[in-house]
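Shown next, in structure tokens, is the structure this report addresses.
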Amino acid sequence: MRSSVKSNIFMAQRMGITLILILLCQCGQVLATNYYVDNVKGKDSFNGKSPATAWKSVSKVNSKSFQPGDTIFFKRGCVWRETLSLTSSGIKGKNIVFSNYGKGPKPRFLGSTEVKTWSAQNENVWKSVESVPLDPYNGYYKGEIFFVTGKNPALWGRHRASLSDLKENLDWTWFQNYVFIYSDTDPNKEYSSTEVPQRQQCINLKNKTNILIDGLDLYFTRWSGISYDWSFDMLDLSGLTIQNSEMGWIGSKYLLSGYGTEMAYTDMTFRHDTIHDCGRRGISLDIYGSGFTVKNVIIEGCVFYSGMHTTGIDLSVGSDKYTASYDGVIIRGNLFYDDPATTENSNQIFLQNHHYAGGGATVNNILIYSNVFKYPSSTSIMAEGIQSCNIYNNTFYDHNTIKGQSVCHLWIDAHNTNIKVKNNIFYTELTNDHLGNGIAITSLTDASEIDADYNLYYRKNSNMNIINCRITFNSNALAGIRKILKWDMHSFVSSDPLFKDPSTNDFSLKNGSPAIGAGIPLPEVKCDFSGNLFSTPPSLGAFEHENKSLNKR
């Protein structure tokens, strides 16, 4: 009897605890709140909880705290010239979300003030009618100004030290709260506006975690689109997703400064973003912190173009005093491209470990697959001091067309270990081979540390070089590559892969392509550039056969 009573009491307590947990979960769902921001019809005196009672300013958002699961919606078609500074963190499974609502172009966060009107001075020098309180080129964060036109979305200005130095179109300087430019035509007719950077970034993460940024466009800052809080060294943080957003026209390309994003989080995802025209790096994964390892970073379905130092992804550890490491980065299904005639020297992916000799930071388990790399102006992928990296099923297409210097698809610099290069297509039509321009792989790392096989190398002129690993090999030297380097035992050389339409970035394979079904199954690689499952055996390159019916992942 006593045992039965105890059992009943225990069951009642258990049911009570379960009920409390259910109620707590339901309360958590109820407490999640949507907020709206509209800088046309909104007012900061409103409660912000509906489109009809939307807040107006970013500063209002910055003054509020939020709960896990809350979403802050910014109205499409609106523009804010303020920095969004995050005040609250979510929890795992319940992000704090910053997104958009309504119709029209995505909401824009601009780090600039706008100049729309110019007054003539003398000798083709023009002065802004609107005052500009901050010199964009003063201090640590130096940015150029941007001339917005109908033909080209924005042109980089070039800073000059004084009024007397303004001698060419797009030259500019700042003097006593005004911007002065050189223009041999009327800038009031030539440019729809001129953007003059004033703020360091568009979004300051303030070291907040479990954050989702979805569908916001960020332009014209002096330093970055999104960055961590510079008040601290980087911390061991987790939970950040940035998706469906655009970042561009940031910093100074002449000083090689400016970043689309700058942070390092475990469980961090970039998805379907467009990043371009950043003065130094598109996505900067460089770690300025110690004592932790960043894991599970995914960059997928993004477009990177018009870069300076690094068009796409820059990952670096071990600089200065810092010892933090990476273990697990996936880069898949992205498009990287540069102007084939640019004079810039940009890597599309740059991987670097300053502590290659041991005793500090490490970079392990980097997986780069099903990407398209087009017209590199320096390298498609540069690796130095990396402990393990797999480069699988990518399509590398052509090179810079004007440079007479080394421009290659893979530059495997010194001090790397455990590099695997498989199922890739390396293609170039260049006939210029001066100082190695057009080479597929250049390596200063010992050949024994590289496992290269099941690749297709196509160079239109087969007498030109395709591989340089202390010894240079042209397309006719496959036997030497196999004998001396022990690479590419199952690879093709000088076989046209028959792409469908490279001009539209359609690198799927036509009927009869030697790359169809020519790869080796790789357990890490499931899908091609378009998200289609690879066949067994898989095709080479980033795309499967154009006419093959495939399942999506």
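The values are calculated or read from the model by the stated rules, or taken from the named source; none is laboratory data. For clarity, every value in this text was computed on a predicted model and none was experimentally measured. Glycine gets a Cβ as well: all are built from the backbone with ideal geometry, and neighbour counts include every protein chain shown.
Structure notes:
- Qualifying position, being modelled with pLDDT under 95, loosely packed, with under 15 Cβ neighbours inside 10 Å and either within 17 Å of Thr428 (Cα to Cα) or among the β-branched types (Val, Ile, Thr) (or both), among Ser503, Ser549, Ser495, Ser475: Ser503
- Enumerated strands (runs of 3 or more DSSP E) restricted to the stretch 113-184, each holding at least 1 residues that are charged (D, E, K, R), within 24 Å of Gly258 (Cα to Cα) and touching a Gly at 6+ places or on another chain (Cβ under 8 Å): 171-175
- Hits in the stretch 45-56 (condition: in a helix (DSSP H, G or I) and either at pLDDT below 95 or among the hydroxyl-bearing types (Ser, Thr, Tyr) (or both)): Thr53
- Tally, over the stretch 57-83, of residues that are part of a loop (DSSP other than H, G, I, E, B) and of a type in the set (Lys, Arg): 3
- Here the stretch 480-492 is the region considered, the condition is being of a type in the set (A, V, I, L, M, F, W, C) and modelled with pLDDT of 95 or more, and the residue that is farthest from the chain's Cα centre (by Cα) is Ile484.
- Number of residues in the stretch 294-321 that are surrounded by 21 or more Cβ atoms within 10 Å (Cβ to Cβ), part of a loop (DSSP other than H, G, I, E, B) and in contact with a Gly (Cβ under 7 Å, 6 or more places away or on another chain) equals 3.
- Boolean, His409 is assigned to a loop (DSSP other than H, G, I, E, B), touching a strand residue (DSSP E or B) at 6+ places or on another chain (Cβ under 8 Å) and assigned by TED's automatic domain parsing to the domain that holds Leu351: no
- Leading residue by the ranking (surrounded by the most Cβ atoms within 10 Å (Cβ to Cβ)) among those in the stretch 73-118 that are β-branched (Val, Ile, Thr) and within 24 Å of the chain's Cα centre (by Cα): Ile96
- So Ser224, is it surrounded by fewer than 22 Cβ atoms within 10 Å (Cβ to Cβ) and among the small types (Gly, Ala, Ser): no
- Residue list for the stretch 461-471, filter: surrounded by 15 or more Cβ atoms within 10 Å (Cβ to Cβ) and either out of contact with any Phe, Trp or Tyr (no Cβ under 6 Å at 6 or more places or on another chain) or within 20 Å of Pro514 (Cα to Cα) (or both): Asn461, Met464, Asn465, Ile466, Asn468, Cys469
- Matching residues in the stretch 354-378 - criterion: being part of a strand (DSSP E or B), touching a residue at least 40 places away in the same chain (Cβ under 8 Å) and farther than 19 Å from Thr504 by Cα: Val363, Ile366, Leu367, Tyr369
- When Ser231 is tested against (1) buried (at least 24 other Cβ atoms within 10 Å of the Cβ); (2) in a loop (DSSP other than H, G, I, E, B); (3) of a type in the set (Gly, Ala, Ser), just one condition goes unmet, and that condition is (1).
- Failed item in (1) closer than 18 Å to Asp327 by Cα; (2) part of a loop (DSSP other than H, G, I, E, B); (3) hydroxyl-bearing (Ser, Thr, Tyr), with Tyr254 passing the rest: (1)
- Annotation: Met489 fulfils all but one of (1) within 18 Å of Tyr427 (Cα to Cα); (2) surrounded by fewer than 14 Cβ atoms within 10 Å (Cβ to Cβ); (3) in the same structural domain as Ile391 (by TED's automatic domain parsing); (4) of a type outside the set (D, E, K, R); the unmet one is (1).
- Residue count, the stretch 109-132 (criterion: modelled with pLDDT of 95 or more and out of contact with any Phe, Trp or Tyr (no Cβ under 8 Å at 6 or more places or on another chain)): 6
- Only a single criterion out of (1) of a type outside the set (S, T, N, Q); (2) surrounded by 21 or more Cβ atoms within 10 Å (Cβ to Cβ); (3) more than 12 Å from the chain's Cα centre (by Cα) is not satisfied by Ile242, namely (3).
- Residues located in the stretch 453-471, provided they are among the aliphatic types (A, V, I, L, M) and either outside any loop (DSSP other than H, G, I, E, B) or in contact with a Pro (Cβ under 8 Å, 6 or more places away or on another chain) (or both): Leu456, Ile466, Ile467, Ile471
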